[in-house]
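The values are calculated or read from the model by the stated rules, or taken from the named source; none is laboratory data. In this text the structure is predicted, and so the values were computed from the model without any measurement. We place every Cβ from the backbone using ideal geometry, glycine too, and count neighbours over all the protein chains shown.
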Amino acid sequence: MTKPVEWVYTDIVKDHFANPRNILSDEASYTEDGKGLVGNVKCGDQMMMVIKVDKRGVITDCRWKTFGCASAIASTSILSEKVKGMKVEDAYNISPEDIAAQLGGLPEHKIHCSVLGDKALRAAIDDYYKRSGMINNIKTGRARVICRCMDVTDEQIKNAVLKGALTYQLLKERTKAGTVCGKCKDRVIGLLEEYAGKNSKPKEVI
Amino acid sequence: MKDKKVYLDNNATTPLHPEVKKAINGLFDIYGNASSLHFFGRQSKAAIEAARADISSFINAEPDEIIFVGSGSEANNTVLNMVSCCSALCGAKCSGRHEVIVSDIEHPCIIETSKCIEQKGMPVVRAGVDRFGKVDLGRLKDMITEKTMLVSIMTANNEIGTIQDIRSISDMAHRMGALLHTDAVQAVGKLPVDVNELGVDFLSFSAHKIYGPKGIGALYARSKAPFCPFIRGGHQEKGRRAGTENTIGIIGMAAAIACRKDEMAQEARRLARLKQRLKDFIQDNIDGVSFNGHPKDCLPGTLNVSFKGAEGEAVLLYLDMEGIAVSTGSACASGSLEPSYVLLALGMSAEDAHGAIRFSLGRDTTDADIDYVTEKLLLVINKVRNMSSSYFKKQDNSI
């Protein structure tokens, strides 16, 4: 008998999906130092993440919950393992590409599902900064929100463009900007042209 | 028993009926081109024409009114593309009419083709549905005018199973002089379908949804209806569809339909009972659920249900790990960024559409399968909801 094609996901994704680590099972009795909630369940995905941070600014615990698909579950599970023991400022810079690499790669059309975890982590770290009086460390507050539905900033669009998302479609997939109401399309394309120019890539790739 | 497999995705496709396997197995030496005059060609031709007679009688059509095509999608593409073809080469007459009406919940092969002919300049009017997926007949009546060339409404929907009142719709269309097409891919072989009772001009159906082989479908075209071929360049199918006939597929389709004649009615009652068992279990044991589709006018084996706070792709893949095959309305499973347009057309929220699971039962589904599915489903829904950021368990003392 023909063996079925293996999962569209790697074994690592499958393992983290089958046995997700660090689920926040008892929200009521958990006292976190920072909490982030991103996405919108009405739009079809949402991620909530909480962290504990010690006096040295090291993340000692990370827990999460989601309304998300297999990619979101697996990538957030691996992210929650990875950040434990990291300094908050290092954890802040983890990108979706870092997580996808740890998972042994994700199918291209699933990358956008994995951005929820690191966005929720940054929101949780910002909340930690706010609670501990380190307002100046908050970065997302200074970035402009371009896509209101999915809370995507110009910073995030810039990073995605510089990493090769040179079409509107790719930007939608990588950042989720413009995937809900679509009102931000013109602004996103404007930024894409601006940043793509800086990346000195030929215009016709757009 | 880890190897247990339960296939509840029969609206996607079905396994071959054992009788179809037998029929196909005897065919590998019938290879003549049915267009050839010699013995080998005549042998194939005779087998194809016998199959055509059996298949046409199943839907109460004449043999000449059946055109074999490669799939239900091809049948649907053929009809919609006819509308935009007013070339003198074909038999279709424009008669000053150029508008097409399709519902919002048609199969993608109709929706996408309707967008394409719209781009070519044909006006397309889109008929909405109510929360059960029924086309609003009052509004449809107002949409059909003396400009309408074709109305295309599916008989039964693939995702939610809702069955339309095709007889009333074809009466409306004919009263205004328009043609009526129905995509009956999910209906033929599951429900009694009689082209004269329905009064349709065109009807598409397929073999692989009813335990026949893949790659073979048929288009019924009423003998008086205008016709324009989609695939040109051959005299096969009386010049209506070029390409050497798929002899094995055609005979396999006839074998599948012969089985439907014997089994359809009894199987429909059996599937309705099994579906009710699954539905009752879900209703009695899982909170925060809603059933999608029409409560009565629904395919006997189709059950579409939304689980609050449980994302569909995650549910599908956890069930797959238990050997259970279903499908989902979630965007993530399809690779698109949007959830099912069919579920959104019912007025459902994106959250509920992302949480929708379709169970489609078939002739192999047993009571033991339903027992197994109910047991695993409960565990999977609990697991997904346990990690859900949008599901909060009801208090025990709540009503």
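For B:L343, all conditions in the list (1) surrounded by fewer than 24 Cβ atoms within 10 Å (Cβ to Cβ); (2) in a helix (DSSP H, G or I) hold save one; what is the number of the exception?
Among (1) surrounded by fewer than 24 Cβ atoms within 10 Å (Cβ to Cβ); (2) in a helix (DSSP H, G or I), B:L343 violates only (1).
When segment A:160-199 is examined, which residues are found to be in contact (Cβ under 8 Å) with a residue 40 or more places away in the chain and either more than 14 Å from A:I146 (Cα to Cα) or of a type outside the set (S, T, N, Q) (or both)?
Across segment A:160-199, the qualifying residues are A:K163, A:L166, A:K172, A:E173, A:R174, A:K176, A:V180, A:R187, A:V188, A:L191.
Regarding segment B:241-258, can at least one residue be identified that is within 20 Å of B:I110 (Cα to Cα), out of contact with any Leu (no Cβ under 7 Å at 6 or more places or on another chain) and of a type outside the set (G, A, S)?
yes
State which residue pairs qualify: first residue within 9 Å of chain B (Cβ to nearest Cβ) and inside segment A:1-27, second residue modelled with pLDDT under 85 and in a loop (DSSP other than H, G, I, E, B) in any location, beta carbons under 6 Å apart, and separation of 6 or more residues or different chains.
Close Cβ pairs satisfying both conditions: A:K14/A:W7.
If the requirement is being modelled with pLDDT under 85, of a type in the set (A, V, I, L, M) and surrounded by fewer than 24 Cβ atoms within 10 Å (Cβ to Cβ), which of these qualifies: A:I12, A:I94, A:I23, A:I111?
None of the others qualify; the one that does is A:I111.
Tell me the residue from B:L344, B:L303 that is in contact with an Asp or Glu (Cβ under 9 Å, 6 or more places away or on another chain) and either without any contact (Cβ under 8 Å) to a residue 40 or more places away in the chain or away from chain A (no Cβ under 14 Å) (or both), please.
On the way: B:L303 fails: in contact with an Asp or Glu (Cβ under 9 Å, 6 or more places away or on another chain).
B:L344 is the lone residue from the list that is in contact with an Asp or Glu (Cβ under 9 Å, 6 or more places away or on another chain) and either without any contact (Cβ under 8 Å) to a residue 40 or more places away in the chain or away from chain A (no Cβ under 14 Å) (or both).
From the list B:R126, B:R131, B:R139, which residue is over 23 Å from B:G233 (Cβ atoms), in contact with an Asp or Glu (Cβ under 6 Å, 6 or more places away or on another chain) and modelled with pLDDT of 95 or more?
B:R126
Just checking, which of A:K82, A:K110, A:K35 is within 14 Å of another protein chain (Cβ to nearest Cβ) and either closer than 19 Å to A:Y128 by Cα or among the polar types (S, T, N, Q) (or both)?
Only one candidate passes the filter, namely A:K35.
Look through segment A:114-132, keep the residues that are under 18 Å from A:M150 (Cβ atoms) and aliphatic (A, V, I, L, M), and return whichever of them is modelled with the lowest pLDDT.
It comes out as A:V115.
Step by step: first the residues of segment B:105-141, then only those that are in a helix (DSSP H, G or I) and of a type in the set (V, I, T), then the one that is farthest from B:A345 (Cα to Cα). Which residue is that? I'd like the intermediate steps shown before the answer.
We begin by selecting, within segment B:105-141, every residue in a helix (DSSP H, G or I); these are B:108-119, B:137-141.
Then drop every residue that is not of a type in the set (V, I, T), which leaves B:110-111, B:113, B:117.
Details: B:I110: 15, B:I111: 13, B:T113: 18, B:I117: 22 Å.
Only one residue tops the list, namely B:I117.
Tally the residues that are buried (at least 23 other Cβ atoms within 10 Å of the Cβ), free of Cβ contacts under 8 Å to residues at least 40 places away in the same chain and within 11 Å of chain B (Cβ to nearest Cβ), restricting the search to segment A:42-73.
Residues flagged as buried (at least 23 other Cβ atoms within 10 Å of the Cβ), free of Cβ contacts under 8 Å to residues at least 40 places away in the same chain and within 11 Å of chain B (Cβ to nearest Cβ) within segment A:42-73 amount to 2.
Confirm whether B:G252 is under 27 Å from B:P192 (Cα atoms) and of a type outside the set (A, V, I, L, M). Outline the logic, then answer.
On the way: under 27 Å from B:P192 (Cα atoms): yes; of a type outside the set (A, V, I, L, M): yes.
Yes.
Table: residues versus (1) at pLDDT 95 or above; (2) more than 10 Å from every other protein chain (Cβ to nearest Cβ); (3) at negative phi; (4) surrounded by fewer than 21 Cβ atoms within 10 Å (Cβ to Cβ).
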| residue | (1), (2), (3), (4) |
| --- | --- |
| B:L319 | yes, yes, yes, no |
| B:E322 | yes, yes, yes, yes |
| B:A333 | no, no, yes, no |
| B:G355 | no, no, yes, no |
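For the condition surrounded by 18 or more Cβ atoms within 10 Å (Cβ to Cβ), within 14 Å of chain A (Cβ to nearest Cβ) and either outside any loop (DSSP other than H, G, I, E, B) or touching a residue at least 60 places away in the same chain (Cβ under 8 Å) (or both), what is the one hit in B:G309, B:G249?
Result of the check over B:G309, B:G249: B:G309.
If I filter segment B:287-299 for residues that are in a helix (DSSP H, G or I), surrounded by 17 or more Cβ atoms within 10 Å (Cβ to Cβ) and of a type in the set (A, V, I, L, M, F, W, C), do I get at least one hit?
No, every residue in segment B:287-299 fails to be in a helix (DSSP H, G or I), surrounded by 17 or more Cβ atoms within 10 Å (Cβ to Cβ) and of a type in the set (A, V, I, L, M, F, W, C).
If you go through segment A:149-156 one residue at a time, do you hit one that is outside any loop (DSSP other than H, G, I, E, B) and more than 16 Å from A:L116 (Cα to Cα)?
Taking every residue of segment A:149-156 in turn, at least one turns out to be outside any loop (DSSP other than H, G, I, E, B) and more than 16 Å from A:L116 (Cα to Cα).
Among the candidates B:V69, B:V79, which residue alone is surrounded by 15 or more Cβ atoms within 10 Å (Cβ to Cβ), touching a helix residue (DSSP H, G or I) at 6+ places or on another chain (Cβ under 7 Å) and either more than 24 Å from B:I357 (Cα to Cα) or of a type in the set (A, V, I, L, M, F, W, C) (or both)?
B:V69
Rundown of residues vs (1) in a strand (DSSP E or B); (2) of a type outside the set (S, T, N, Q); (3) over 19 Å from B:Q236 (Cβ atoms), yes/no style:
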position: B:K4; (1), (2), (3): no, yes, yes
position: B:L16; (1), (2), (3): no, yes, yes
position: B:L27; (1), (2), (3): no, yes, no
position: B:G32; (1), (2), (3): no, yes, no
position: B:G41; (1), (2), (3): no, yes, no
position: B:A46; (1), (2), (3): no, yes, no
position: B:S57; (1), (2), (3): no, no, yes
position: B:A61; (1), (2), (3): no, yes, no
